[in-house]
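Q: My questions will all concern the structure given below.
Coordinate-derived values only; no laboratory data. Keep in mind the model is a prediction, meaning the values are calculated, not measured. Cβ placement follows ideal geometry from the backbone for every residue including glycine, while neighbour counts extend to all protein chains displayed.
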Amino acid sequence: MAPVAPRSGDAIFANVERVNAELFTLTYGAIVRQLLTDLEEVEEVNKQLDQMGYNIGIRLIDEFLAKSNVSRCVDFKETAEVIAKVGFKMFLGVTASVTNWDADGTCCSIVLEDNPLVDFVELPDTCQGLYYCNILSGVIRGALEMVSMKTEVTWLRDMLRGDDAFELQVKLLKQVPEEYPYKDDE
Amino acid sequence: MIGVGKIKQYSNVLDKPLSKGKQEVSLSAFAFLFSELVQYNQTQVDNISELERRLEDAGYAVGARVLELLCHRDKGNRRETRLLGILSFVHSTVWKVLFGKVADSLEKGTEHEDEYMISEKELLVNRFISIPKDMGTFNCGAFVAGIVRGVLDGAGFPAVVTAHFVPVEGQQRPRTTILIKFAEEVLRREARLG
Amino acid sequence: MQFFGSSDISPSPTVPTASGNNAHMMYVFNRNGVCLLYREWNRPLRTLDAQQDQKLMFGLLFSLKSLTAKMDPTTAEKGNLGVPQLPGQGCSFHSFRTNTYKLSFMETPSGIKLILVTHPRTGDLREPLKYIYNLYVEYVAKNPLYTPGTPIRCELFNTSLDQYVRSIA
């Protein structure tokens, strides 16, 4: 029996339960605020946001797989398209696009124009080094790691810093196929 | 280059038009985010009441902003001055915006004059969570209690707000009650206003 | 590995009564071989201790996956036996049946392996396994009080699973 084709982002988003984006935005703001109070250093906050994103990514991947019917994660190009078109849509209700592929097909950019994390937000002068949406880079990194792709995710453009869009660079470092996990000779 | 010329650039976030509040994200996205909020705070505390307090504080900031947003957008900058008015605002308007529905019930406490209760059969933030036995009475609804406190405080009705699980006959999961205990000054003012 | 022929030689076990659960047991593993869940409803014979039993089950499936991919007559490109595979690479088996039980298997690209052992006359359980994966997502993956990679101790998940399995068997 041929594998079921992955579902479209719009179809999934229409079928999942949704909440007001403002609750989401404000809750995220509360998290960033808590971190800034607890950690004080902007670099530390960036790291913590990335770590939180990673923690989310390793769980979110299962929901993504369960709802989207994706069964293969072998080709990085295919994977990046699926993240942008299906992933972002089904969770954040926005579509992203994939651009800037390098010659090997191991590095690309995911571009977001709409970002529900940043409504109402303006970075004050004291937080200029903050990557406010750094949770997103962690989510992508965590999710990809669970499907055997080790990646490096960095921000190229950030609207809160004056750029015209949000652009994340996703670089595939290596694919780690499944090994027999038990070390002894059972 | 992607993006250039497509979006109107606002030099100041205050110039951007306020959204109508209709945009949505998936419930999962919120659930995962909230889950991280809880987990992060678990690493910062030693006991359950500290954890609840931190969640409440996080919710307080959300509440204060929700009040501003809703007063401006939905109420034309009118201000509630009566107790029942603000309670109704929280139970209906605030709940509708945040959770997509009005709260299940709003009741006056029977034992104390200054207590009111907003109940929800299954509070959004508690839906995916089963509290392990060793966490006792911990309730993630503390976040919502914080939101309510933020709204009430910002509107001039200071109160102590807490979240409790209340077992219900015939239901497997207990319902959540947000208990609001208004400060003395609020009741005095209310009495003066007649 | 369906057993053809009559059941005179090795009679199949009596069909469980309607009140009992038709399923025998369930395992959930992650990519690292950690047994996240072992649920037993109806297992008269137990030969190994729990840990060994789980390791054996995991090892069996790991080898079966490798073997079935290697024996695939439809693809030209095949790695050597035992070469690790990427998610979705190669073919994937989903069940085997003996005269006394049927084992149904589902693996997600994130490495979660669901195994359900039932009565041999059970039909195709691919859709039910997908539903169980959805239950896992709802009650386990989304539970902030659960740490991924550790055994599952979520009451809600256990009860929903029990209820669902009872309804499909």
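Q: Please give me the summed charge of the neighbours of B:SER35: other residues whose Cβ is under 13 Å from its Cβ, Lys and Arg +1, Asp and Glu -1.
A: 0
Q: Moving on to the next point. Can you give the relative contact order of the stretch A:9-175 as a percent, counting alpha carbon pairs under 8 Å and 6+ residues apart? Display every interim value, and only then the final one.
A: Working: 254 pairs, mean separation 45.8, N = 167.
About 27 percent, as a whole number.
Q: Ok, one more. What distance in nm lies between label points placed 7 Å from Cα along the C-beta direction at C:ASN158 and A:ASN69?
A: About 3.5 nm separates the two model spin labels.
Q: P(r) tail for the stretch B:26-193, what percent of Cα pairs lie past 22 Å?
A: 43
Q: Packing-wise, with mean Cβ within 10 Å as the measure, how do B:35-46, B:183-194 rank, highest first?
A: Most protected by this proxy first, the peptides run B:35-46, B:183-194.
Q: Let me ask another. Would you work out the charge dipole size for the stretch B:65-105 about its Cα centre, treating the Cβ of every Lys and Arg as +1 and the Cβ of every Asp and Glu as -1, and quote it to the nearest 20 debye?
A: For this selection, approximately 120 debye.
Q: Further question on the same structure: Express in whole angstrom the spacing between the alpha-carbon centres of the stretch A:95-166 and the stretch B:158-194.
A: 42
Q: Between their Cα atoms, which of A:LYS85/C:LYS65; A:LYS174/C:LYS130; B:LYS108/B:LYS181; C:LYS65/C:LYS113 are more than 19 Å away from each other?
A: Values: A:LYS85/C:LYS65 31 Å; A:LYS174/C:LYS130 29 Å; B:LYS108/B:LYS181 10 Å; C:LYS65/C:LYS113 12 Å.
Table pairs above 19 Å Cα-Cα are A:LYS85/C:LYS65; A:LYS174/C:LYS130.
Q: What number in nm² do you get for the stretch A:95-139 if you take the convex hull of its Cα atoms and divide its surface by four?
A: If you wrap the Cα atoms of the stretch A:95-139 in a convex hull and average its projections, you get 4.4 nm².
Q: Also: Please give, to one decimal in nm, the separation of the simple spin-label points placed at B:GLU111 and B:VAL160, each 7 Å out from Cα toward the Cβ.
A: So the label points at B:GLU111 and B:VAL160 sit 1.3 nm apart.
Q: Using helices alone, what [θ] at 222 nm do you get for the protein assembly as shown, with -39,500 (n - 2.57) per DSSP H run of 4 or more residues, divided over all residues and rounded to the nearest 500?
A: -12000 deg cm²/dmol
Q: By per-residue mean of other Cβ atoms within 10 Å, what is the highest-first order of B:115-126, A:116-127, C:117-128, B:57-68?
A: B:57-68, B:115-126, C:117-128, A:116-127
Q: Given N residues in the stretch C:73-169, what is its alpha carbon radius of gyration divided by 2.2 N^0.38 Å?
A: The value comes to 1.27.
Q: Tell me, rounded to the nearest percent, the portion of alpha carbon pairs in the stretch A:9-175 spaced more than 27 Å apart.
A: The calculated P(r) of the stretch A:9-175 puts 22 percent of pairs beyond 27 Å.
Q: Rounded to the nearest 0.05, what FRET efficiency do A:ASP164 and A:GLU40 have when you use their Cβ-Cβ distance and R0 = 30 Å? Mind dumping the intermediate values first?
A: Details: r = 31 Å, r/R0 = 1.02.
Working from the Cβ atoms, E equals 0.45.
Q: Report the per residue volume, in Å³, of the convex hull enclosing the C-alpha atoms of the protein assembly as shown.
A: Expressed per residue, the convex hull around the Cα atoms of the protein assembly as shown is 184 Å³.
Q: In peptide A:91-98, what is the residue-averaged number of other protein chain Cβ atoms found within 10 Å of each Cβ?
A: 3
Q: Per residue of B:87-100, count partner chain C-beta atoms within 10 Å of its C-beta, then hand back the mean as an integer.
A: On the way: counts 0, 0, 0, 0, 0, 0, 0, 0, 0, 1, 3, 6, 3, 5.
Per residue, the number of nearby Cβ atoms from other chains is 1 on average.
Q: If you average the alpha carbon positions of the stretch A:21-35 and of the stretch C:130-169, how far apart do those two centres end up, in angstrom?
A: So the two Cα centres are separated by 28 Å.
Q: A further question follows. Using only alpha carbon pairs under 8 Å that are at least six residues apart, calculate the relative contact order of chain B and give it in whole percent.
A: 23
Q: Can you give the average number of partner chain beta-carbon atoms within 10 Å of each beta-carbon in peptide C:144-155, as a whole number? Write out the running numbers ahead of the final one.
A: Values: counts 16, 12, 7, 3, 7, 1, 0, 0, 0, 3, 4, 5.
Mean partner-chain Cβ count within 10 Å for C:144-155: 5.
Q: At a Förster distance of 30 Å, what's the computed FRET efficiency of C:ARG126 paired with C:SER63, Cβ-Cβ distance as r, to 0.05? Display every interim value, and only then the final one.
A: Numbers: r = 21 Å, r/R0 = 0.71.
Result of the calculation: an efficiency of 0.90.
Q: With a Förster radius of 22 Å, plug the Cβ-Cβ distance of B:THR81 and B:GLU184 into 1/(1 + (r/R0)^6) and report the FRET value to the nearest 0.05.
A: Efficiency at R0 = 22 Å is approximately 0.80.
Q: With an 8 Å cut-off on Cα pairs and a minimum separation of 6 or more residues, tell me the relative contact order of the stretch C:22-80 in percent.
A: On the way: 39 pairs, mean separation 13.8, N = 59.
This gives 23 percent for the stretch C:22-80.
Q: Using all C-alpha to C-alpha distances in the stretch B:49-95, build P(r) with 5 Å bins and read off the rounded percent in each one.
A: 5, 19, 24, 22, 14, 10, 5, 1
Q: Now for a different question. For the pair B:SER88 and B:GLN44, how long in nm is the line joining their label points, each one 7 Å along Cα→Cβ?
A: For B:SER88 paired with B:GLN44, the spin-label model returns 3.8 nm.
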